[in-house]
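In what follows, a single structure is set out as structure tokens and then discussed.
Where a number appears in this text, it was derived from the coordinates with a stated rule and is not lab data. For clarity, every value in this text was computed on a predicted model and none was experimentally measured. No Cβ is skipped: glycine too gets one built from the backbone with ideal geometry, and neighbour counts run over all protein chains shown.
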Amino acid sequence: MYMVRDIPETDEIQDLVHGLLDIRASAFQRRVWEVLRRIPPGETISYGALAQAIGVPKAARAVGRACATNPVSLAVPCHRAVGSEGAPRGYRWGVDRKRALLGLERAHSADGAADA
């Protein structure tokens with residue numbers, strides 16, 4: 001059985017996953033999700049910074065809504081979006097799961113750095 005941490009997160013794999021999935025989304029949601037896909041595992045971005053990254057700096061709440069409507073949590077890693085103070089905030093599958101995913105990613109990133 002593969003774990004998410006066993007699958008290298010390269011652009012080619014991410015593009016393949018997104019090509020195989022038929023995800024219905026607005027243009028705004030797609031912009032938010034594209035930025036999220038570029039955040040390295042274990043790292044986070046605030047909803048406000050994400051809004052700025054897509055060129056709509058006052059849309060932090062709309063960014064949060066785009067994350068909340070994401071139907072494929074691991075293909076579009078909305079768990080990497082956090083509140084302005086850096087703490088995990090709302091998550092479709094629960095904040096505890098969001099913390100756990102970030103913890104797994106950070107632990108795996110630390111393991112990879114130790115192996116290098």
Percent breakdown of C-alpha pair distances by 10 Å bin, ordered from the shortest bin, for the stretch 59-107: 27, 61, 12, 0
Virtual spin-label span in nm between residue 61 and residue 92, 7 Å along Cα→Cβ: 2.1 nm
